[in-house]
Protein chains: 2
Amino acid sequence: MSKLVIVGTVAFDAIETPFGKTDKILGGAATYIGLSSATFGVDSGIVSIVGGDFPDDYLQMLNDRNINTEGIEIVKEGKTFFWSGIYHNDLNTRDTLVTELNTLADFNPIVPDNFKNAEFLMLGNLHPSVQLGVIEQMAQRPKLIVLDTMNFWMDNALSELLEVIKRVDVIAINDEEARQLTGEYSLVKAARKIFAMGPKSVIIKKGEHGALLFQNDDIFFAPALPLEEVFDPTGAGDTFAGGFIGYLAKTRDISFDNMKRAVICGSNLASFCVEKFGTERLQSMTKKEIFERLQQFKELTQFEIESN
Amino acid sequence: MSKLVIVGTVAFDAIETPFGKTDKILGGAATYIGLSSATFGVDSGIVSIVGGDFPDDYLQMLNDRNINTEGIEIVKEGKTFFWSGIYHNDLNTRDTLVTELNTLADFNPIVPDNFKNAEFLMLGNLHPSVQLGVIEQMAQRPKLIVLDTMNFWMDNALSELLEVIKRVDVIAINDEEARQLTGEYSLVKAARKIFAMGPKSVIIKKGEHGALLFQNDDIFFAPALPLEEVFDPTGAGDTFAGGFIGYLAKTRDISFDNMKRAVICGSNLASFCVEKFGTERLQSMTKKEIFERLQQFKELTQFEIESN
């Protein structure tokens, strides 16, 4: 069984969409990544930090899915990272209403001893120096390191971010971020520039328009499943990343052909994530539903054609 | 050999993109549709109108590709429809600088007698009453009618447009137009509402993000090929439509499975269109290039996966 270390936020979110709003609910990149990768039965551990206000029930829910939470530091006198946002009508744009870092402001990640030999490492969106700190705690270089990041760090911690990028195998960013990072409008050219920064594989996430996987001269495209209703996009990108690395950790095959399957799995799981608020649907989805929807992805994309 | 009637503009375009600008060059929806569908060797005829300023060389170039131009009325004392536009940096948005309808203002389409029995009819983007006039001239109901239209007609001629929509088999519009036409944000729901208006199949064009084909509860997605350079997007949607109906006219099979192949062919041909200004690349591309790029579409989308 492959071990997977996930570093990222474990948080409270308060979300408003055109379809409703929530009080503080469970959120955070590591939470979504953890729930998503857990569907592959990998031996995962989250490295994060929360406050004394974080319910034991949430930790228990993660443990019940074989997600180790020893690496989640609990600062009894502190408060858990809190984010609040409101989505606009098209759900493609959102405004952040509140960001309270709380305990996250002084996060010093500690990888539990029995996860230091993990072969798979997922660096969820966080300050690049925290991500770097986790890489340096690993007993040996993991077989695969996947990095998620965002434009905020490009604007505010670019040199540290470039240092992390240099040390990872796969980077997952959205199309606008790829363009910002490289100054190239063409995603083909942007991916090539990112290869030169370190990663051998680049995933460009395009939300409702799917995701592109680049490696050398190979390109693979995974669509997003067209859905009747998108209820809440929060966590979809993290869920995608968790599905990607979870599938690779389960199959222990990091070839390009297997990465194709991994991005399809990521896209598949992300399609569940957006159907309800927060992590609700990730908690309720069944193996059968996940498998059936994978068939829908096949029907959506597979064709036979001989010649023109 | 299937006959294909194409109604649409034959025009002069003057285009400016971040990469350069052109004087008046050959353009128009029917031109792009004609050149694209001609790659399938169908027996096509364009129904359109031009002025005395339209070069014989252009007509000859179309004839050389087995595109019949008897249905292109030449108004000797008139001028050809002229459009000029400038694309912004991301090539996804453009401003129209000039629209001179000229002879198009009084266009009364006449389908040549030997095309009135055509089995395939492509209604390129034009005033819906012109499109309707062509449907009514056909000797019998064609096997397949495909409609391309745009938001301008939704704003300015909605009742005529709805009348045309009622009488076609396939409609091809972009995502924003589908949302405008139906009031539904979800493309799945939008397609279902359009089914109720008449068409059995709905194609939603998303430009650089590909195209979706809907029929009953089936959905198929054709990506756009990620390109190093997109030089000029003019005509890409028409080229897509021409490839779609051209493939169907060649194969004479309008099943959903064959329509899947047809949208891939459309997407394939559109990827050539954008590589140079205007119709330049459509005129220079070879059968070998088209076939090879079709293999790239396979590599881009095809995967094998057993279970989750």
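Looking at region B:227-242, is at least one residue of a type outside the set (Ser, Thr, Tyr), within 11 Å of another protein chain (Cβ to nearest Cβ) and closer than 24 Å to residue B:191 by Cβ? No - not one qualifying residue is present in region B:227-242. Only one entry of A:93, A:99 meets the criterion of being modelled with pLDDT under 95 and under 26 Å from residue A:228 (Cβ atoms), and that entry is A:93. If a residue must be in contact with an Asp or Glu (Cβ under 8 Å, 6 or more places away or on another chain) and closer than 18 Å to residue A:272 by Cβ, how many such residues does region A:1-29 contain? Total meeting the criteria: 9.
Looking only at region A:136-152, which residues are surrounded by fewer than 20 Cβ atoms within 10 Å (Cβ to Cβ) and touching a residue at least 24 places away in the same chain (Cβ under 8 Å)? Listed by number, the residues that qualify are A:137, A:138, A:143, A:150, A:151.
Name the residue that is farthest from residue A:13 (Cα to Cα), counting only residues in region A:218-255 that are of a type in the set (Asp, Glu) and at pLDDT 95 or above. The extreme case among them is A:218. Among the residues of region A:270-285, is there at least one that is outside any helix (DSSP H, G or I) and polar (S, T, N, Q)? Scanning region A:270-285 turns up at least one residue that is outside any helix (DSSP H, G or I) and polar (S, T, N, Q). Give the residue, chosen from A:196, A:249, A:262, that is more than 11 Å from chain B (Cβ to nearest Cβ), within 24 Å of residue A:281 (Cβ to Cβ) and part of a helix (DSSP H, G or I). When all the criteria are applied, what remains is A:249. Going residue by residue through region A:46-62, is there one that turns out to be in contact with a strand residue (DSSP E or B) (Cβ under 6 Å, 6 or more places away or on another chain) and farther than 13 Å from residue A:11 by Cα? No, region A:46-62 contains no residue that is in contact with a strand residue (DSSP E or B) (Cβ under 6 Å, 6 or more places away or on another chain) and farther than 13 Å from residue A:11 by Cα.
The set of residues in region A:293-308 that are at the interface with another protein chain (Cβ under 7 Å from one of its Cβ atoms) and not in a helix (DSSP H, G or I) comprises A:302, A:303, A:305, A:307, A:308.
Here the condition is being among the hydrophobic types (A, V, I, L, M, F, W, C) and part of a loop (DSSP other than H, G, I, E, B); of B:134, B:111, B:146, B:130, it holds for B:111 alone. The requirement of being crowded, with 24+ Cβ neighbours inside 10 Å, of a type in the set (Phe, Trp, Tyr) and either under 26 Å from residue A:151 (Cβ atoms) or under 19 Å from the mean Cα position of the chain (by Cα) (or both) is not satisfied by residue A:195.
Residue A:120: among the aromatic types (Phe, Trp, Tyr) and in contact with a Leu (Cβ under 7 Å, 6 or more places away or on another chain), yes or no? It is true that residue A:120 is among the aromatic types (Phe, Trp, Tyr) and in contact with a Leu (Cβ under 7 Å, 6 or more places away or on another chain).
For the residues A:282, A:294, A:300, the requirement of being over 20 Å from the mean Cα position of the chain (by Cα) and touching a residue at least 24 places away in the same chain (Cβ under 8 Å) singles out A:300. Of the set (1) buried (at least 23 other Cβ atoms within 10 Å of the Cβ); (2) within 10 Å of chain B (Cβ to nearest Cβ), all apply to residue A:168 but (2).
Within region A:3-24, identify whether any single residue is β-branched (Val, Ile, Thr), closer than 15 Å to residue A:80 by Cβ and in a strand (DSSP E or B), and answer yes or no. No, every residue in region A:3-24 fails to be β-branched (Val, Ile, Thr), closer than 15 Å to residue A:80 by Cβ and in a strand (DSSP E or B).
Go through the residues of region A:282-292 one by one and say whether even a single one is in contact with a Leu (Cβ under 8 Å, 6 or more places away or on another chain), at the interface with another protein chain (Cβ under 9 Å from one of its Cβ atoms) and either surrounded by 14 or more Cβ atoms within 10 Å (Cβ to Cβ) or not polar (S, T, N, Q) (or both). Yes, because at least one residue in region A:282-292 is in contact with a Leu (Cβ under 8 Å, 6 or more places away or on another chain), at the interface with another protein chain (Cβ under 9 Å from one of its Cβ atoms) and either surrounded by 14 or more Cβ atoms within 10 Å (Cβ to Cβ) or not polar (S, T, N, Q) (or both).
The values are calculated or read from the model by the stated rules, or taken from the named source; none is laboratory data. For clarity, every value in this text was computed on a predicted model and none was experimentally measured. Cβ coordinates were reconstructed from backbone atoms using ideal geometry, including for glycine residues, and neighbour counts include every protein chain displayed.
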